[in-house]
Structure formats: structure tokens, C-alpha cells
Amino acid sequence: MKIYRPRFWSLDSGIDYSAPVIHLNDIVPAVGKKTFAFFDRDDRLEAGATILLIWCPPVSDLNGWSEQPSEIAQSHLLKAHVIGVAQACAHPAPHGERKYELEILSCERLLPALQALPEESTSWNLQGIGSEQGNFLAWDELHWCGRALVEGFTYLTANTSNEAHLELILEESGDELFGLFSVHIDPGGTFHEMGRKQLTGEERRVVERAIKLAHPLQDSQALYLVQ
């Protein structure tokens, strides 16, 4: 089942997002309810399809986890039924994103959901890049890299010299290193992968190198979410 992370979620719920304190339970999409989200123009969701979605709190929804890494712990994994493209908005999205109406079928916190995944060595692979010099992993071509420790998990994010944006959520267990969630964005598209995969060989080498090179990430804004 394909995983999507919407460009942003609709703010039509009546919540005052400028308030100094926001209750998390008031803004997480509720099971059985309908909501709206904006997707890239290239994301052609089919009415009637069931999809997986990553929901992020407001700051990371707008700016990404790298700007507010603590919000990874408050992000959720949703399963949703696609009702269809919403009616034209009075104020169209700035970059032509499509607004879809969704019915939420299930909702759980992202990190516990990732930790509970069974190990599958073939669930996904780090994406490679081909060149005249041969093939190499995108994580071996880092221009900048950041890391944060969130509830015992390591979050890595990076930009490469080949215009790719990369993200990983990792778990260390003894001498073993597991990848749980991977994001690869480049001019060719956006790819989200999920599954408990033990990193070995070349994949482990490039990830461990990235961890050593990465700059520590800090929240860019004061905490504002409460349960």
C-alpha cells in the first residue's frame, strides 16, 4: 500500500493554530471522521482507494521534521479511504496542490507503529544513483546532513549534490542497526518506504557515515503541543 505525506492538511477545522498552546487530540484526524488534505499535483489519488498517510503536527507539517524533530514523536500513521477530489477552493493552493477529501479508517502514533513492524530484509532498499563512474547510494553523496534522537530512535535527514532530499528513522538494537522508515525525494518523484529492515554491508556503511557527519538538530520553536 502506497504511503503519502500530504503537502499540508486543511486548516478548516476551526482550531486557532496561532494559540500559544494547542491540544494534540484536537488536531489529530479522528477515526470515522472526514478531513481534507492537499497533495502534490503528481499524486493522482483514485476515489475509493485505501492509502496510508503520515500526519505531522503544525510546525513540521509546514517546515518538515528537521525544523521540529520532537514532533516525530507526535506524528501519526493513518489509513484512509479516498472519497475524491474536493470542490474548488475559494483560495487555491499556492503551488497548484490538489485538495482531496478523506475518511480516516485508523490512526496510531508513528514511532510505536514502526517499532512493531516485523523484520523483512526485502521490504525496501536505499535508493541508488547511476553515473558515468558507476552506481552508488544516494546517502553516499551528502551535501548536508542533520540528526536528532527522538524517544530512542535516530532521525537522519540530508540533502545531496544530486538534488535529492533524504530522511531515515533508525533503531539501534545491540550491534544491529535497523531502518524503519525511509524518504527519498528527487526530481523523479517522492518515495516513502516503511518496514523493519536490518542494514548491512554498503547500506550500513553509508548510514553510519552519515550519522558521524550529521549536525545535531534542535526544535526551532518552543513546545506548544499538549495532550
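Structure notes:
- Summarising the amide proton neighbourhood of Ile22: residues at separation of 5 or more, or on other chains, whose placed amide H is nearer than 5 Å comprise Leu225, Val226.
- Rounded to the nearest 10 degrees, the inclination of helix 201-213 to the longest alpha-carbon principal axis of the chain is 70 degrees.
- In order along segment 148-158, the Karplus-derived 3J(HN,Hα) couplings, from 6.51 cos²θ - 1.76 cosθ + 1.60 at θ = phi - 60°, round to 8, 9, 10, 6, x, 9, 9, 9, 10, 9, 8 Hz, and Gly and Pro are given as x.
- For the peptides 165-172, 42-49, 113-120, residues were scored by their other Cβ atoms within 10 Å and the scores averaged per peptide; the highest-first order is 165-172, 113-120, 42-49.
- Averaged over residues, the count of other Cβ atoms within 10 Å places the peptides 178-191, 65-78 in the sequence 65-78, 178-191, highest first.
- Normalised convex hull volume, segment 3-115, alpha-carbon set, Å³ per residue: 116
- Remark on segment 128-216: hydrodynamic radius 13.3 angstrom, per the Kirkwood mean of 1/r across alpha carbon pairs.
- Of all the options Asn135, Asn25, Asn63, the one that moves most in a Gaussian network model of the chain with Cα springs shorter than 10 angstrom is Asn135.
- 3J(HN,Hα) from dihedral phi, segment 64-73, Karplus parametrisation 6.51/-1.76/1.60, rounded to Hz, x for glycine, proline: x, 4, 4, 8, 8, x, 4, 6, 4, 5
- GNM on the chain, alpha-carbon springs under 10 angstrom: the most fluctuating residue among Asp40, Asp16, Asp61 is Asp16.
- Here, the chain yields an orientationally averaged convex hull projection of 13.5 nm² when only Cα atoms define the hull.
- Environment charge of Val207, counting only residues whose C-beta is closer than 13 Å and scoring Lys/Arg +1, Asp/Glu -1: -2
Any read-out appearing in this document is the output of simple, stated calculations on the displayed coordinates, not a laboratory observation. Computed from a predicted structure; not experimentally measured. Using ideal geometry, Cβ is built from the backbone for each residue, glycine included, and neighbour counts are taken over all protein chains shown.
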